[in-house]
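Structure, as structure tokens:
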Amino acid sequence: MLFPFDLVPMTAPTPEDFVPPGWAIAGDSGITAKPAFLAPNGSASGDLTGDGVADRVLVLEPAARVEASAVATCESCEPPSWTRAIVVVEAVGTGWVQLAVAGWGDPSTTARIHDGRLVVTSGVSGGKSRNAELLRYRLDGRVFRLEHRVFEFDAFSFDDISAFERVTEDWVAHLRIIEKGEPPSEAGRQKFAGDRSFAEGSPRTKK
């Protein structure tokens, strides 16, 4: 289900008024893996602009998905495919202004505001594998720029031998650190180039 970007207003009296028809604030159904850094679903508050007033980030998914997740063991009534979107709004006077909108794709996506940064997380597990990702953005003018990323992958072989990898990226210094093994040991440092915005999604997203 494609997110209707053109139906998200630029201004509205409340954060909930930025939710387009057919969509709803996400419930707790999307997370299938919960590393320590994953945030609650739905919406979160925090100061992104440094004006001392709390702004909001909304995580949205199709309303049919939210309704289905409220029914126990209701897999048959879920939409055949679904995704999530993130809407970030700023408090201005007595109303709200849109800062950013992005269709994220990953149904496990959550978001929060921490220390003046927008933090987007996802986590998926299946069988004997798990991966999780954290992306931290700072607001630069009207654009969210990626400044930090952590990606973790953990899988078990048929012999129950763990293959663990953590990739930590500093997008300000353009430095990547890769750790592998149990316990993790530093495998190497790499320099890379890039300046990624929130609207582009995860660095792993293929265009």
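Read the figures in this text as sums done on the coordinates, not as results from a lab. The model shown is predicted, which means the values in this text are computed figures rather than measured ones. Glycine also receives a Cβ, built like all others from the backbone with ideal geometry; neighbour counts cover every protein chain displayed.
Which residues' amide hydrogens lie under 5 Å from the amide hydrogen of Trp171, considering only partners 5 or more residues apart or on another chain, with H built in the peptide plane?
Close amide H contacts, sequence-distant or interchain: His148, Arg149.
Just grab the label-to-label distance for Arg142 and Leu7, each label 7 Å out from Cα along the Cβ direction, in nm (one decimal).
Modelled inter-label distance: 2.4 nm.
So, in nm, how far is label Ala163 from label Asp51 when the simple model puts each one 7 Å beyond its Cα toward the Cβ?
5.0 nm
List every residue whose amide H lies under 5 Å from the amide H of Arg84, counting only residues 5 or more places away in sequence or on a different chain, with H placed 1.01 Å from N in the peptide plane.
The list, which skips near neighbours in sequence, is Trp104, Gly105, Asp106.
Got a sec? How would Leu135, Leu175 order by Cβ neighbour count within 10 Å, fewest to most?
Going from least to most buried by this count: Leu175, Leu135.
Rounded to whole Hz and in sequence order, give me ³J(HN,Hα) for the range 101-117 from the Karplus expression 6.51 cos²θ - 1.76 cosθ + 1.60, θ = phi - 60°, writing x for Gly and Pro.
Ordered by residue, 3J(HN,Hα) equals 9, 8, x, 8, x, 7, x, 9, 4, 9, 8, 8, 10, 9, 6, x, 10 Hz.
Distance in nm between label sites at Glu16 and His114, each 7 Å beyond Cα in the beta-carbon direction?
In this crude label model, Glu16 to His114 measures out at 2.8 nm.
Can you give the local net charge around Leu58? Use residues other than it whose beta-carbon is closer than 14 angstrom to its beta-carbon, Lys and Arg +1, Asp and Glu -1.
With Lys, Arg at +1 and Asp, Glu at -1, the neighbours total -2.
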